[in-house]
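Written out below as structure tokens is the structure these notes cover.
The values are calculated or read from the model by the stated rules, or taken from the named source; none is laboratory data. All values derive from a computational prediction rather than experimental measurement. All Cβ positions, even for glycine, are placed from backbone atoms using ideal geometry, and neighbour counts span all protein chains on display.
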Amino acid sequence: MQTAFLDSSKLDEAAEYLKSGEVVAFPTETVYGLGADATNEKAVRKIFEAKGRPSDNPLIIHVASVDQLERYVETVPAIAREVISHFWPGPCTLVLNKKGPIASSVTGGLETIGVRMPSHPVALALIEKAGVPLAAPSANSSGKPSPTTALHVKRDLEGKIKAIVDGGTTGVGLESTVLDLTDPKKPTILRPGGVTLEELEAVLGQVWLDPHLRDDAAVPKSPGMKYKHYSPEKPVWVLPESIDRSRAVLEQLEKEGEKVGVLASDQWLEQLKSDQRKSCSLGNENMPQQAAARLFSSLRALDDEAVSVILVEPYEKKGIGTAYMNRLEKAASRIL
Ligand code: TXA
Ligand code: MG
């Protein structure tokens with residue numbers, strides 16, 4: 001299949017492909033999504049084929065309005081309206097009881113559905129033009145770091161999908177928060193993401209974490225969480241919190257002949273004197289949102305370099321740092 005590259009003035013063409021049951025990658029404020037008409041079973045299956053994604057892992061549907069949401073969920077409880085009024089459009093996916101003509105492979109057999117309204121203007125315009133909700137996982141090959149540029153999508157999926165809409169680099173850089181509201185008394189985060197626990201608690205009071213986020217032994221309720229994820233080809237190690245211990249790890253590996261790539265904040269890179277090594281900056285260490293925005297693209301960039309292991313600085317698990325560490329730990333083969 002020939003993959004068309006469309007700039008964001010070509011949304012009519014992209015919408016036509018979607019209406020005719022084809023798969024199109026498009027930018028959102030989190031990462032690039034791989035979209036198909038969520039009401040068309042055949043179209044949705046093409047997403048799973050292109051990504052090589054296991055079919056029991058349900059997809060998020062993307063809507064452009066609350067009216068559109070109401071067509072595909074049984075009810076919108078008061079707590080969902082509260083979340084929507086604060087965080088939509090934006091990186092917060094709501095899991096609610098489903099209804100209406102959604103293709104069964106979108107939900108992987110579940111009675112619930114994950115829905116979000118993205119805030120990226122290209123995404124919103126595309127959903128409106130297509131006139132249907134778009135099922136869209138991240139537009140990477142299954143298991144790879146999620147794409148934050150159209151080029152990442154091209155590297156993973158060229159020849160497998162009809163078109164890629166280029167909307168530049170995405171802003172948040174990590175996927176949306178998945179918030180289960182099927183029990184309105186117990187709002188539960190299934191996947192940490194662009195909207196933080198702290199932000200949700202400021203609006204809702206207590207918010208729960210799915211047990212697997214606290215304890216790896218528990219069975220994850222968000223089916224996607226059990227698969228290996230976000231990994232480059234090279235092994236990724238999460239460094240210890242202490243920079244002195246991290247320096248010792250690095251020097252030991254180099255003594256053993258490893259070619260080390262370092263992904264860390266400007267402050268760490270300076271203290272590790274990493275200008276002689278392959279390295280990528282996560283920005284100012286006091287701005288974890290920069291680290292979140294750069295994590296996936298930096299893992300891809302270091303993977304392309306002549307390195308044998310990628311060492312990454314840990315951030316504190318609070319605010320957006322929670323989502324950063326969640327993705328990093330899933331990508332990692334060792335956590336030091
Ligand atoms: O930011 C994002 O959410 C991106 C952009 C493209 O919107 N999309 C994304 O989709 O990350 P995906 O398919 O890579 O991740 C969807 C996550 C998975 O962990 C999946 O298991 C969970 O949402 N999920 C979807 N529907 C669910 C449901 N009904 N119940 C529980 N978890 C669900
Ligand atoms: Mg994904």
Considering only the range 14-64, state which residues are under 17 Å from the mean Cα position of the chain (by Cα) and charged (D, E, K, R).
29, 51, 53
Under 28 Å from residue 29 (Cβ atoms), out of contact with any strand residue (DSSP E or B) (no Cβ under 8 Å at 6 or more places or on another chain) and not aromatic (Phe, Trp, Tyr): does that describe residue 292?
yes
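Could you grab me the full set of residues in the range 34-68 that are of a type in the set (Asp, Glu) and either in contact (Cβ under 8 Å) with a residue 40 or more places away in the chain or under 25 Å from residue 1 (Cα atoms) (or both)?
Answer for the range 34-68, where residues must be of a type in the set (Asp, Glu) and either in contact (Cβ under 8 Å) with a residue 40 or more places away in the chain or under 25 Å from residue 1 (Cα atoms) (or both): 37, 41, 49, 56.
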Restricting to the range 164-182, and then to whatever is more than 8 Å from ligand 1 (Cβ to nearest atom) and in a loop (DSSP other than H, G, I, E, B), can you tell me which residue is nearest to residue 324 (Cα to Cα)?
173
Identify, please: which residue in the range 188-202 is in contact with a Leu (Cβ under 9 Å, 6 or more places away or on another chain) and assigned to a loop (DSSP other than H, G, I, E, B) and is, among those, nearest to ligand 2 (Cβ to nearest atom)?
193
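Yes or no, residue by residue, for (1) within 16 Å of ligand 2 (Cβ to nearest atom); (2) closer than 30 Å to residue 290 by Cα; (3) surrounded by 24 or more Cβ atoms within 10 Å (Cβ to Cβ):
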{"residue": "24", "(1), (2), (3)": "no, yes, yes"}
{"residue": "43", "(1), (2), (3)": "no, no, yes"}
{"residue": "53", "(1), (2), (3)": "yes, yes, no"}
{"residue": "57", "(1), (2), (3)": "yes, yes, no"}
{"residue": "87", "(1), (2), (3)": "no, yes, no"}
Under 6 Å between Cβ atoms, which residue pairs at least 6 apart in sequence (or on different chains) link something in the range 311-329 that is more than 14 Å from residue 290 (Cα to Cα) with a partner that is charged (D, E, K, R) and crowded, with 22+ Cβ neighbours inside 10 Å?
none
Can you find a residue in the range 32-39 that is in contact with an Asp or Glu (Cβ under 7 Å, 6 or more places away or on another chain) and modelled with pLDDT of 95 or more?
no
Quick one: residue 189 ticks every box in (1) without any contact (Cβ under 8 Å) to a residue 40 or more places away in the chain; (2) within 12 Å of ligand 1 (Cβ to nearest atom); (3) out of contact with any strand residue (DSSP E or B) (no Cβ under 6 Å at 6 or more places or on another chain); (4) of a type in the set (A, V, I, L, M, F, W, C) bar one, so which box is it?
(3)
Of all residues in the range 168-188 being surrounded by fewer than 22 Cβ atoms within 10 Å (Cβ to Cβ) and not charged (D, E, K, R), the one that is farthest from residue 8 (Cα to Cα):
184
From 157, 96, 110, which residue is away from ligand 2 (no atom under 16 Å from the Cβ) and either out of contact with any Asp or Glu (no Cβ under 8 Å at 6 or more places or on another chain) or modelled with pLDDT under 95 (or both)?
110
How many of the residues in the range 122-163 are assigned to a strand (DSSP E or B) and within 13 Å of ligand 1 (Cβ to nearest atom)?
3
Looking at the structure I just gave you, is residue 185 within 13 Å of ligand 2 (Cβ to nearest atom), among the charged types (D, E, K, R), in a loop (DSSP other than H, G, I, E, B) and more than 21 Å from residue 105 (Cβ to Cβ)?
no
Anything in the range 261-281 that is assigned to a helix (DSSP H, G or I) and buried (at least 20 other Cβ atoms within 10 Å of the Cβ)? List them, or say none.
268, 269, 274
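So if I check each of 156, 210, 166, 183, which one is of a type in the set (Asp, Glu) and without any contact (Cβ under 8 Å) to a residue 12 or more places away in the chain?
Result of the check over 156, 210, 166, 183: 183.
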Listed residues 293, 301; which is surrounded by 14 or more Cβ atoms within 10 Å (Cβ to Cβ) and under 30 Å from residue 201 (Cβ atoms)?
293
Looking at the range 124-151, which of its residues are away from ligand 2 (no atom under 13 Å from the Cβ), of a type in the set (Gly, Ala, Ser) and under 15 Å from the mean Cα position of the chain (by Cα)?
150
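Quick grid of which residues meet (1) closer than 17 Å to residue 37 by Cβ; (2) aliphatic (A, V, I, L, M):
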site: 89; (1), (2): no, no
site: 95; (1), (2): no, yes
site: 98; (1), (2): yes, no
site: 103; (1), (2): yes, yes
site: 106; (1), (2): yes, yes
site: 112; (1), (2): no, no
site: 119; (1), (2): no, no
site: 122; (1), (2): no, yes
site: 130; (1), (2): yes, yes
